[in-house]
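What follows draws every value from the coordinates through simple rules; no lab data is involved. Note that this is a predicted model, so its numbers are computed, not measured. Positions of Cβ are backbone-derived with ideal geometry, glycine not excepted, and every protein chain shown enters the neighbour counts.
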Amino acid sequence: MHQHSKGSNASSTAQIDPDIAKQILSFSKVDGPVEYQEGYGKLRSWAYSSLDQYQHELVRVLYPVFIHAFMDLVAEGHIQEARSFLNSFRGDHEVMHSRDLQKLEGVLSPSHLQEMEFAHSLRQSKVSIKICQYSYDLLLQYLHKSQSITTLGIVNEHINFQVSPGQPSSIADDAEYVTFFGSDQDAANLINQKEIHWGLLEDSLEERLEKTGAPNMDSEKADGEVREGELEENKKKSVDGLKQGTAPKKMKKDKGVGATTKAHRSESVAASGAPRVKPELPLPVISVEVEQSILEDLRNRVQLSSMALPSISLYTFINTHDSLNCASISHDGSMVAGGFSDSSLKVDYFSMVWDMAKLGLQNVTLYVDVDSRMPAHSQGENELTPNEPSSSAGGRCYTLFRGHAGPVHAATFSPSGDFILSSSSDTTIRLWSTKLNANLVCYKGHNYPVWDVQFSPLGHYFASASHDRTARIWSMDRIQPLRIMAGHLSDVDCVQWHENCNYIATGSSDKTVRLWDVQSGECVRIFIGHRSMILSLAMSPDGRYMASGDEDGMIMMWDLASGRCVSPLVGHGSCIWSLAFSCEGSLLASGSADCSVKIWDVATSSKVAKSDENKSGSTSRLRSLKTLATKSTPVYDLQFSRRNLLFAAGALSSHI
């Protein structure tokens, strides 16, 4: 217990009364959990029965004693007693410290005291309490007479007293007089000093293609046209580029895709300047057939820029009766999956997605009627009235997957399209085969609903996010998780892989985004700035930047190396359910509950932000290039194909 005097420039440390020191030595062991309950209860009664003039200062001691008594009980393995203690006295602190109490509820075992940043920070730091000299003397007298070794130990070990002469401070200033050393931002700054390697994997297919020659991308492909010979090839493929994050809601299409020039090409090769890193996880073997398919897509990729916006294909679920929770699109756009509240997963297959180039259309709307056995097809820029279901629409009966025992909250296709993962309120993750139309594996490990699941960009590995405040790394061939990432103070709502597969990012209801090393399970970055829960994440193709979207409609662009916000974005009027970078990294697409998709100029904005930051440390906002509005379809998912066609999915809403 230390005393710092503010009455003069000098400061001194108050020594503990010799009698109290003898008491400390005389106790070799605390009596047990009852001692904490009784010690805090007596201190509480004494503080509230003190003279009104000094009561508000003495009551300040209760909060730190309360939380450290709770954590001591947890550390000693008295979990039930700790929960009872928390529930008995939390009412004393609910008004001023409700957020901290919510965090403490997540401390469920002794290991959490080390794993959770909040608890670990409190255990390692001291509290500073401002108090007048007379109140300080009263407290010392009480501690001397009470003989409560637990209370005395907590006060001595975890509290610094800043003692001032004269009268007690005003009760109106109480909020300023209890300060924990090491705030959330301080902890984040410390973690953000760790080194990370944000580059791309060595010997990737993109790197091989760069060495053998530049992709064959002419202006005709920039207009969204693909040769007919390639169209037939694409119908058979189900493999498409790097995996983007989960998304939601719907959008309207726009025209205007300008011709791609050589200048645009050189500007958009995002991966060429990125450093190369070694993989931390054993990488899956890619078959020759799949590799050739990927290389073919890369050679014929449409180059996008602020002057050449993407063609868009929109899947709209109709007759869902508000039961659609999530949507996911395969990487080539040939399949779309929907997760429903009745615990089902439905997958529709489309063979005509690429025929839009033949028809001369820039944007296409596809309707998925979940009350019908066949999808309906409607085309056009503004006409959103679906046709009657028919086989001529080019689709076939959807596949119904059943196995979950609760609502399905997320689904994700493997890069090859051969598998789907789904997560549910039943706490499980299921692996399905799109070839066999069957459930292959049920992964169990989470203790509460699993809000999100995402395949890694190379497949085989996947990550999950749960209400149990953890994220987990899995592989398809093992039913137990490989890593558990614990540290968030509330639900982990979304998860996203880094392009090099060495990191995952998690977004949480605690309003932070964290970056984790998949090999060590260690948190290497904390991104603080959002004011509401994080709902969507996306990584830039070069692995340098990350975009995050929240419940308020705010999007923030982060530099992974520094942990700083490069550019905030304001424009959406509701939740950001989905984010996706174009393949060359020049554009960012965002899908929202406000029934729109926005396209942002990432390349230009990032350059401006860098130059501005170098000059003044400030940031600039992303430039919006286009807003694509729908009549009444929130956008659940966005996905850029490897050839840079943008797919979107959502459900027609009757409430908008």
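For L201, the residues whose amide H sits under 5 Å from its own are V277, ignoring neighbours fewer than 5 places away on the same chain, with H placed 1.01 Å from N. Taking packing as the residue-averaged number of other Cβ atoms within 10 angstrom, the listed peptides 563-572, 421-430 run from highest to lowest as 421-430, 563-572. If R0 equals 60 Å, the separation of the Cβ atoms of E202 and N156 corresponds to a calculated FRET efficiency of about 0.65. Evaluated with a Cβ-only charge set (Lys, Arg +1; Asp, Glu -1), region 436-495 carries a dipole of roughly 200 debye about its Cα centre, given to the nearest 20. Among the listed pairs K42/K130; K278/K444; K126/K194; K42/K103; K103/K194; K435/K626, those whose Cα-Cα separation exceeds 28 Å are K278/K444; K435/K626.
Extension gain for K278 to E105 (0.36 nm times residue separation, less C-alpha to C-alpha distance): 58.4 nm. In this structure the amide hydrogen of Y443, modeled in the peptide plane, comes within under 5 Å of the amide hydrogens of I429, R430, L431, none closer than 5 places in sequence on its chain. Backbone phi angles across region 506-511, fed through the Karplus curve with coefficients 6.51, -1.76 and 1.60 (θ = phi - 60°), yield HN-Hα couplings of 10, x, 9, 6, 7, 6 Hz in residue order; Gly and Pro are listed as x. Fully extending the segment from R564 to V285, taken as 0.36 nm per residue of separation minus the present Cα-Cα distance, adds 96.9 nm. Distant-in-sequence amide contacts of D493, defined by a placed amide H-H separation under 5 Å and a gap of 5 or more residues or a different chain, comprise G507, S508, S509. Highest average first, the peptides 405-415, 552-562, 574-584 ordered by how many other beta carbon atoms sit within 10 Å of their residues are 574-584, 405-415, 552-562. Coupling constants for region 512-521 follow from the phi torsions by the Karplus curve (6.51 cos²θ - 1.76 cosθ + 1.60, θ = phi - 60°), and in residue order they are 10, 10, 10, 10, 10, 7, 6, 6, 8, x Hz; glycine and proline get x. The peptide list 282-295, 490-503, 129-142, put in order of mean Cβ contacts within 10 Å with the highest first, becomes 490-503, 129-142, 282-295. Applied to region 283-292, the Karplus parametrisation 6.51 cos²θ - 1.76 cosθ + 1.60 on θ = phi - 60° returns per-residue 3J(HN,Hα) values of 8, x, 7, 9, 5, 4, 5, 5, 4, 5 Hz, with x for Gly and Pro. If R0 is 60 Å, the Cβ-Cβ spacing of S433 and D52 corresponds to a FRET efficiency of close to 0.25.
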